[in-house]
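Reviewing the structure listed below.
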Amino acid sequence: TVSCFVLSYAIVLAIELSRLYMRLPWRMAILAGMGGLALLTHGLYLRDRLLLRWGEVGRFSLPATMFDWSLLAAWILGCIYFFLSIRRPTNVFGSFLLPLVLAMILGGLAVRGGQPFERAPGDGTIWRMIHAVSLSLGSVAVALGFAAALMNLLQEYRLKHKRGMSSSWRL
């Protein structure tokens, strides 16, 4: 269910935010493990929704509802967070990206009962797929831009008020 990976993302966010208050010796191992678990369960949930949509085993379908598209965008954003946190473990990307991942998932849950998009045979599904994937990637790009803008505003505030660079909260 959705609660499995939402709880995993929430635990990873709590561990990321704990950098402000305490040092944990195995923080990166815990973050990598829980982040990987969140992505794995999220990906498996998405795979099951896309494989079992039309009852045809072994054939993927396009996401048919806003719920599916928001879960896909959240998963892509989660993958970006996981890559960045492994690549630069001293930076705190999770404090800015994980709330957006959770917001996308919760936003999708808010519209979960919506009707699937209508599809007619031979209606240009390749263009529909290109449009849908572009829209999903655009949503991820806007979320990344929002997180980068928040990090920039926080950094400007710290510089303007001559606050030192915290070793535990490096942007």
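The values are calculated or read from the model by the stated rules, or taken from the named source; none is laboratory data. Note that the structure is predicted; figures quoted are calculated from it, not measured. When we count neighbours, we look across all protein chains shown, and the Cβ atoms used for this are built from the backbone with ideal geometry, even at glycine. These accessible areas exclude ligands, DNA and RNA; they are computed on the full protein's heavy atoms, side chains included. Shrake-Rupley method; radii C 1.70, N 1.55, O 1.52, S 1.80 Å.
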Tell me which residues, restricted to the range 72-98, are touching a helix residue (DSSP H, G or I) at 6+ places or on another chain (Cβ under 6 Å) and either charged (D, E, K, R) or closer than 17 Å to Val142 by Cβ (or both). Leu72, Ala73, Ala74, Trp75, Ile76, Leu77, Gly78, Tyr81, Phe93, Phe96, Leu97, Leu98
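Mind listing whichever residues of the range 1-38 are hydroxyl-bearing (Ser, Thr, Tyr), open to solvent by 70 Å² or more (accessible area, probe 1.4 Å) and more than 18 Å from Trp75 (Cβ to Cβ)?
Going through the range 1-38, the residues hydroxyl-bearing (Ser, Thr, Tyr) turn out to be 1, 3, 8-9, 18, 21.
Within this subset, residues satisfying the condition of being open to solvent by 70 Å² or more (accessible area, probe 1.4 Å) are 1, 3, 21.
Result: Tyr21, single match.
Here's the yes/no breakdown for (1) open to solvent by 40 Å² or more (accessible area, probe 1.4 Å); (2) modelled with pLDDT under 75; (3) out of contact with any His (no Cβ under 9 Å at 6 or more places or on another chain):
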{"position": "Leu40", "(1), (2), (3)": "yes, no, yes"}
{"position": "Gly43", "(1), (2), (3)": "no, no, yes"}
{"position": "Asp48", "(1), (2), (3)": "yes, no, yes"}
{"position": "Gly55", "(1), (2), (3)": "yes, yes, yes"}
{"position": "Ser61", "(1), (2), (3)": "no, yes, yes"}
{"position": "Phe82", "(1), (2), (3)": "yes, no, yes"}
{"position": "Phe117", "(1), (2), (3)": "yes, yes, yes"}
For Ala73, are the conditions met, namely being closer than 26 Å to Arg128 by Cβ, out of contact with any Gly (no Cβ under 8 Å at 6 or more places or on another chain), modelled with pLDDT under 90 and open to solvent by less than 20 Å² (accessible area, probe 1.4 Å)? no
Is it the case that the range 95-114 has a residue that's modelled with pLDDT of 80 or more, among the hydroxyl-bearing types (Ser, Thr, Tyr) and out of contact with any Asp or Glu (no Cβ under 7 Å at 6 or more places or on another chain)? no
Of residues in the range 138-171 being in a helix (DSSP H, G or I), open to solvent by 90 Å² or more (accessible area, probe 1.4 Å) and aliphatic (A, V, I, L, M), the one modelled with the lowest pLDDT: Leu159
